[in-house]
Amino acid sequence: MLLKMKFSQQRRVRLAQGLWLLSWAAVMCGAFIFCLGVYLKIELLCRAEVMENTEIHVVPNILLLVGLASMGTNWIASRVCQDSLDMSRFPRWKVLLLAWFAVAALLCCLLVTVVVLSYALQGRLEESLKIGLRNGIRFYKDTDVPGRCFQKETIDRLQMEFRCCGNNNYKDWFEVQWVSSRYLDFTSKDVKDRIRSNVDGRFLLDGVPFSCCNPASPRPCLRYQLTDNQAHYNYEYQTEELNLYSRGCRQALTDYYMGLMNSTGPGVLSVILIQVSVIVSLRYLQTAVEGAMASENPEDESVGYLLEKGLKETFEDLKSMALNMLKYAQVDPATPEASPEAEAEKADNAAVSLTPAS
């Protein structure tokens with residue numbers, strides 16, 4: 001037996017009571033994980049318009065699933081603790097506990113997966129934001145196009161909320177026409193010259209939307225002719241750092257979401273420790289109670305353990321059990337199906353045997 005301990009009747013009762021409290025603490029942790037998944041899911045959905053794919057949603061989806069499953073499994077553990085004090089009610093859990101341990105171990109593995117994915121998906125998140133923000137800036141002017149009419153508001157609110165500008169920086173706005181043609185005076189010489197000077201016939205500006213303006217700047221915001229030092233008094237665009245937000249929105253959003261997911265790490269690890277404690281304690285309680293039930297006097301001292309055999313032997317037993325289940329699930333190809341002729345012959349023989357002798 002691996003890590004065996006002796007339990008008297010009093011110790012079994014104390015173990016059941018302590019495990020009952022720990023199970024309800026684990027239920028609260030499951031609710032916390034579920035709420036964490038809901039919050040992260042909402043935050044991702046709020047910025048869905050500037051994300052190219054939804055691969056990052058796997059993290060909150062796992063948190064939602066694990067949170068609900070954790071609440072259910074640990075509630076069952078609390079019921080087991082109550083019934084362990086009654087020898088007539090505990091045997092009904094014997095078959096179910098095997099599945100319970102499997103589900104609880106799977107939940108711990110999924111929580112570890114969440115912690116790993118929180119760091120591993122940073123590259124995918126950056127790439128998704130890069131493409132999504134690039135499209136958002138490109139469609140900024142399409143306020144009268146169905147499906148894109150709210151893109152301007154989304155980008156403006158995003159830049160003001162996260163104090164950022166453009167995809168990588170404010171110069172990204174120089175490469176796209178972000179002013180709708182419906183607001184351009186095509187009789188103006190300046191507009192005509194700008195459109196002619198561009199190969200694609202776009203109206204490009206060395207300017208940015210108002211949402212890029214940094215309110216911490218000591219001077220009124222300059223949004224146009226940003227690369228022309230002569231257009232503004234006492235102005236040097238290469239040193240005017242406070243005029244516009246210097247950080248790109250891709251970096252701002254990546255830092256924000258990675259901060260959210262990384263901050264879940266300590267909380268998730270704490271939940272894993274509590275869940276493992278519930279699993280270990282329940283295993284000791286199960287084996288100790290079953291040992292007491294097998295003895296002549298249920299109030300005698302019993303032995304509780306984690307594994308009945310060593311790790312290697314337990315692994316081999318589980319492996320053979322899984323292989324046997326797969327074997328029984330398969331159809332035996334060596335057993336031939338009865339042919340129609342054989343079935344007809346069998347029926348004729350049965351009819352002859354039933355005919356009375358003359």
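The values are calculated or read from the model by the stated rules, or taken from the named source; none is laboratory data. Worth saying up front: this structure is predicted, and the values here are computed from it rather than measured. Every residue, glycine among them, receives a Cβ derived from its backbone with ideal geometry; neighbour counts consider all protein chains shown. For accessibility, only protein heavy atoms count, side chains too; no ligands or nucleic acids. Shrake-Rupley method; radii C 1.70, N 1.55, O 1.52, S 1.80 Å.
Using only the alpha-carbon atoms, how far is helix 249-294 inclined from the longest principal axis of the chain? Give it as 0 to 90 degrees, nearest 10.
Approximately 10 degrees, to the nearest ten.
Among 92-103, 205-216, how do they line up from the highest to the lowest mean number of other beta-carbon atoms within 10 Å? Present the calculation step by step, with values, prior to reporting the outcome.
Numbers: 92-103: 13.1, 205-216: 16.8.
Taking the mean over residues of other Cβ atoms within 10 Å, the ranking is 205-216, 92-103.
Give me the percent of accessible area attributable to carbon and sulfur for the chain, probe 1.4 angstrom. Please report the intermediate quantities before stating the final value.
Working: 12610 of 21270 Å².
Reported share for carbon and sulfur atoms: 59 percent.
Given the peptides 139-146, 194-201, 261-268, arrange them by the average over their residues of other C-beta atoms within 10 Å, most packed first. Before the final figure, lay out the partial values.
Numbers: 139-146: 14.6, 194-201: 10.9, 261-268: 16.2.
Top to bottom by mean Cβ count within 10 Å: 261-268, 139-146, 194-201.
Run the numbers for Arg124 and Tyr39: contour at 0.36 nm per residue of separation, minus the present Cα-Cα distance, in nm.
28.6 nm
For the chain, with every protein chain kept in place, what is the accessible area per residue (1.4 Å probe, Å²)? If you can, show how the numbers build up before the last one.
Working: 21270 Å² over 358 residues.
So the chain comes to 59 Å² accessible per residue, rounded to a whole number.
Give the span of region 49-133's Cα atoms along each principal axis, as three whole-Å numbers ordered largest to smallest.
64, 20, 15
In this model, which of Lys4/Lys94; Lys4/Lys327; Lys4/Lys312; Lys152/Lys189 are farther than 25 Å apart at the alpha-carbon?
Details: Lys4/Lys94 19 Å; Lys4/Lys327 34 Å; Lys4/Lys312 17 Å; Lys152/Lys189 27 Å.
Long pairs (Cα-Cα over 25 Å): Lys4/Lys327; Lys152/Lys189.
What number, rounded to the nearest 500 deg cm²/dmol, is the helix-based mean residue ellipticity at 222 nm of the chain, given -39500 (n - 2.57) per DSSP H run of at least four residues and division by all its residues?
On the way: 9 runs with 207 residues, N = 358.
Dividing the helical sum by the residues of the chain leaves -20500 deg cm²/dmol.
Expressed in nm to one decimal, what extension gain is obtained for the pair Val103 and Ser320 from 0.36 nm per residue of sequence separation less their Cα-Cα distance? List each step's numbers first, then the result.
Numbers: separation 217, 0.36 × 217 = 78.12 nm, distance 1.99 nm.
So the chain would gain 76.1 nm between Val103 and Ser320.
Contour minus end-to-end for Asp156 and Leu273, with contour as 0.36 nm per residue of separation and end-to-end as the Cα-Cα distance?
Numbers: separation 117, 0.36 × 117 = 42.12 nm, distance 4.32 nm.
Full extension of this stretch gives 37.8 nm more.
By what distance, in whole Å, do the Cα atoms of the chain stretch along each of the three principal axes, largest value first?
Sorted largest first, the three principal extents are 117, 75, 33 Å.
Ordering Val38, Val116 by how much accessible area each has at a 1.4 Å probe, largest first, what is the list?
Working: Val38 55, Val116 85 Å².
Descending order: Val116, Val38.
In the chain, which Cys residues have no partner Cys with a Cβ closer than 4.7 Å?
Lone cysteines by the Cβ rule: Cys29, Cys35, Cys46, Cys81, Cys108, Cys109, Cys149.
Amide H neighbours of Arg247 under 5 Å, at least 5 residues apart or on other chains, H built in the peptide plane: list them.
Cys165
Using Cα pairs under 8 angstrom and six or more residues apart, how large is the relative contact order of the chain, in percent?
On the way: 419 pairs, mean separation 84.7, N = 358.
Relative contact order, the chain: 24 percent.
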